[in-house]
Amino acid sequence: MDATARPRRSVLYMPGSNARALEKGRSLPADALILDLEDAVAPDAKATARGQIAEAVTAGGYGRRELAIRVNGLDTPWGRDDVAAAAACGPDAILLPKVETAAMVAELEALMAEAGAPERTAIWCMMETPLGMLNAKEVAGASKRVACLVMGTSDLVKDLQAAHTPQRLPVLTSLSLCILAARAYGQAILDGVHLDLQDDEGFAAACVQGKELGFDGKTLIHPKTIAKANEVFAPSAAEVAQAHKVIAAHAEAAAAGKGVVVLDGKLIENLHVEAARRTVALAEAIAELESAAGP
């Protein structure tokens, strides 16, 4: 399966200083969890949060949910200790905030290697500053460990001195630059959070826009938003059925030695078949994930 076809429809931030939240994460229907040591944790709680996250990840019980640990910046008093602790407990990924250069990725990669991080532990990069936007291509291509770019639109809007608007026009250029960079290197990319928890309609619209732009899923700040993100970023039943039709029609034509495939009046090319296979793979992966999660 294409690495970007792994379900990442809903990716929930969880404060590492909240032991109850870390426990609750084991039963939430989110595809992935970001166990946070940065923004969600006060300075005097950083060490406690670090220990609680390491203990939670080591203990397991999260099923097939993808686990990422967001560390503090490497230029802070906590960053290097965060990386060492994260590397030791072996999450699926370590998420570095405010990534702006390939050198920052290289520094994290070196610290992970020094701390004995498993090869399977990927690097995720928070893209949330103007310089990060301008260097998105270099960041995405900085290491084979980089597997996902994560938009930090709250900080980005602040730094741009822009505004949060329903259609997000002030950040569309930034979003597109990061999507281009991620896809150029075969990586996943996650949309930023929606801050207004009372704005259900606006959240749903942002999810639809994010899917249309090409995001794999949305980062979330509250469990109540998981269901809508899962719904929007999953292939619909109609999309899956059409994908199967495309694959079958192409296979039938190939078996008959035909070079041109027409389905429902539309020309089917290899690119359509590739997209259809990805849709089916994603749908199957979602079904497997949800089955493994249980009731």
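May I ask you to say which residue of V208, V261, V273 is modelled with pLDDT of 95 or more and of a type in the set (V, I, T)?
Exactly one of V208, V261, V273 is modelled with pLDDT of 95 or more and of a type in the set (V, I, T), namely V208.
Specify the residue that is nearest to A285 (Cα to Cα); the eligible residues are those in segment 11-40 that are in a helix (DSSP H, G or I) and of a type outside the set (D, E, K, R).
L22
Output the residues belonging to segment 159-190 that are part of a helix (DSSP H, G or I) and either out of contact with any Ser or Thr (no Cβ under 9 Å at 6 or more places or on another chain) or of a type in the set (S, T, Y) (or both).
L169, P170, L172, T173, S174, S176, L177, C178, I179, L180, A181, A184
If a residue counts only when it is within 24 Å of S176 (Cβ to Cβ), which helices (runs of 4 or more DSSP H) contained entirely in segment 191-295 have at least 3 such residues?
Those helices (runs of 4 or more DSSP H) span 200-213, 226-233, 270-293.
Considering segment 253-295 alone, what residues qualify as being free of Cβ contacts under 8 Å to residues at least 60 places away in the same chain, surrounded by 17 or more Cβ atoms within 10 Å (Cβ to Cβ) and not small (G, A, S)?
Correct list: V261, I268, H272, V273, R277, T279, V280.
So which of R80, R120 ends up being among the basic types (K, R) and more than 19 Å from the chain's Cα centre (by Cα)?
Every option except R80 fails the conditions.
Kindly check whether there is at least one residue in segment 160-170 that is in contact (Cβ under 8 Å) with a residue 40 or more places away in the chain and either surrounded by 16 or more Cβ atoms within 10 Å (Cβ to Cβ) or acidic (D, E) (or both).
yes
Okay, residues lined up against (1) touching a residue at least 40 places away in the same chain (Cβ under 8 Å); (2) among the β-branched types (V, I, T):
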| residue | (1), (2) |
| --- | --- |
| P118 | no, no |
| V146 | yes, yes |
| M151 | yes, no |
| S154 | yes, no |
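The values are calculated or read from the model by the stated rules, or taken from the named source; none is laboratory data. This one's a predicted model, so the numbers in the text were calculated from it and none came from an experiment. Cβ: placed from backbone, ideal geometry, glycine included. Neighbour counts: every protein chain shown.
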